[in-house]
Amino acid sequence: MKTKVLNTPIRDEDILDLTIGDMIYLNGYMVTGRDDVHQRVVLGGKKLPVDLRGGALFHAGPIMRERDKEPGRYDVISIGPTTSMRMESTEDAFMAATGVKLIVGKGGMGDRTNEGCKANKVIHAVFPGGCAVLAAGQVEEVLGVDWLDLGMPEALWQLRVAQFGPLIVTIDTKGNNLFERNKKIFNEKKESAIAEINTHLHYHE
Amino acid sequence: MNHAEKASKFIDIMARFTDYSSKHLPDDILLRLREMRSEEDSDMANIFYDAMFEDLRLAHELSRPCCQDTGMLQFFVQVGTRFPLIDELSELLRESVIRATRTAPLRHNVVEVFDEKNTGTNVGTHIPWIDWEIIPDSDEVKIYVYMAGGGCSLPGAAQVLMPLEGYEGIVRFVFDRITSYGINACPPLFVGIGIAGSAEVAAKLSKKALLRPIGSVNPNAKGAELEMRIANGLNAIGIGPGGISGKSSVLGVHIEQAGRHPATLAVGLSTGCWAHRRGLIRIDSEINYEILTHKGATI
């Protein structure tokens, strides 16, 4: 398990040597995007209003507070990762359309994203789920917001982050997928756990 | 205190308690998380536990919701028939949610079905969701505040099995859901199982099982034993914090049951994430309150 700091714009060579289980921290440019942003870009065919080449995407729906005396300026209150798997059906197309290099979320993603990561040279990493105040402290500035009509959680928030992490690499550019590997192990252990419990279920006379 | 003053005080207390519950975990969950952390010996799992406890420390220090997903507000109400605000209770809880949404602040989490628009207030059609239990000959109310996050609501499911599928069918159903969907739901998870005669009863009981404090057991000895065996079995899988793998998987497993139909065996499953934001408050007829889930809490 190695530790590495990534700075945006991220180049292919910055991430090619990363392997699942490695720990990274991010400095630089990151936007939030979840279900509705993927819906608009991939299914709706709309162009992302920001340049995400070499940047990072955070599967997250934050709590933001608009400044009293500066309308349109926001501070982040709480921002943790959301379930990445919800974006599985569209993430490969999103990568191809935007040039994003790092995707941060929670939990695993599937084979389609795995293939997308390999083809587009992208990595997926997880931020510890639920740790939203910790993450908020690593956001230096909310640079702006687009698509606020989608509501606070679904809007496209643009952030500058510093030492954002810990992030654990869960899909690398070589086709490895930490959660898919874990799932196999969990499913094998599941069968023996179920078999053991079933020997104790004699409730009928 | 006149009736209007009581109503206003009630809204104030419930808004502040809802706000508080978004920022602090209940005592039983904290205790269990500390135990699980102390048993963990893998580096990666400990990176997760360290982040979780640092997050809780910051949430307390900065008075911010510990998770950005402050969920949909659900209230499980046990109201005495003589509680003075019983008639307007649902309207007062709605007002409390609107106020806590501004003060905490809570994330806007209510999307109206068909309109597909976020209401921006955390209230909407039938939301906050209120579950009612009427308590005869009582003039007080006990209210569970529960924040049902999206991630930990996703593994939820109910199914009506045929009786010959047996309790083995229930065990299989629970393990399949947890290993396929639970890993993304911010483990270690709190697993609630309902067993009944129809889907909606089993589903509702599965959520009520998550209101019981960790360490309490099913009143039926066989039920208590099955809780323990399912918990041990899930822990043996070693899902770990965040699904990253580790020594254990669950905060606990609770089962609640209702009588079933001879021809049906329904099972419901609800899961709570590690940040299980559940608060219990008792309010008397003079609108004095006592917080039962967070010792020493000041709101």
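The values are calculated or read from the model by the stated rules, or taken from the named source; none is laboratory data. Since the model is a prediction, treat every value here as computed from it, not as a measurement. In this analysis, Cβ positions are derived from the backbone assuming ideal geometry, glycine residues included, and neighbour counts consider all displayed protein chains.
A few points about this structure:
- Among the residues making up segment A:155-168, those that are within 11 Å of another protein chain (Cβ to nearest Cβ) and under 14 Å from the mean Cα position of the chain (by Cα) are A:Gly165, A:Pro166, A:Leu167, A:Ile168.
- Applying the condition of being of a type outside the set (D, E, K, R) and in contact with an Asp or Glu (Cβ under 9 Å, 6 or more places away or on another chain) to segment A:171-185 and asking which residue is nearest to the other protein chains (Cβ to nearest Cβ) yields A:Leu178.
- Residue ranges of strands (runs of 3 or more DSSP E) in segment B:94-175 with at least 1 members among the basic types (Lys, Arg) and either assigned by TED's automatic domain parsing to the domain that holds B:Ile195 or surrounded by 17 or more Cβ atoms within 10 Å (Cβ to Cβ) (or both): B:141-148
Here is a yes/no grid of residues against (1) within 14 Å of chain B (Cβ to nearest Cβ); (2) closer than 18 Å to A:Lys121 by Cα; (3) surrounded by fewer than 21 Cβ atoms within 10 Å (Cβ to Cβ):
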residue	(1), (2), (3)
A:Asp17	no, yes, yes
A:Asn27	no, no, yes
A:Met30	no, yes, no
A:Arg40	yes, no, yes
A:Lys47	no, no, yes
A:Leu52	no, yes, no
A:Phe58	yes, yes, no
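- Matching residues in segment B:228-271 - criterion: being part of a loop (DSSP other than H, G, I, E, B), surrounded by 22 or more Cβ atoms within 10 Å (Cβ to Cβ) and away from chain A (no Cβ under 12 Å): B:Ser248
- The number of residues in segment B:198-231 that are of a type in the set (Gly, Ala, Ser) and out of contact with any strand residue (DSSP E or B) (no Cβ under 6 Å at 6 or more places or on another chain) comes to 4.
- Taking each residue of segment A:67-88 that is over 14 Å from B:Cys186 (Cα atoms) and looking for partners that are aliphatic (A, V, I, L, M) and assigned to a loop (DSSP other than H, G, I, E, B) with beta-carbon atoms closer than 7 Å, six or more apart or interchain, yields A:Glu88/A:Met109.
- Test set (1) of a type outside the set (A, V, I, L, M, F, W, C); (2) part of a helix (DSSP H, G or I); (3) out of contact with any Pro (no Cβ under 8 Å at 6 or more places or on another chain) - B:Tyr49 fails condition number: (3)
- Of the criteria (1) buried (at least 23 other Cβ atoms within 10 Å of the Cβ); (2) more than 22 Å from B:Leu31 (Cβ to Cβ), which one B:Ser180 fails: (1)
- Odd one out for B:Asn232 among (1) free of Cβ contacts under 8 Å to residues at least 24 places away in the same chain; (2) within 21 Å of the chain's Cα centre (by Cα): (2)
- Candidates are the residues of segment A:186-205 that are more than 7 Å from chain B (Cβ to nearest Cβ) and at pLDDT 95 or above; the one that is surrounded by the fewest Cβ atoms within 10 Å (Cβ to Cβ) is A:Thr199.
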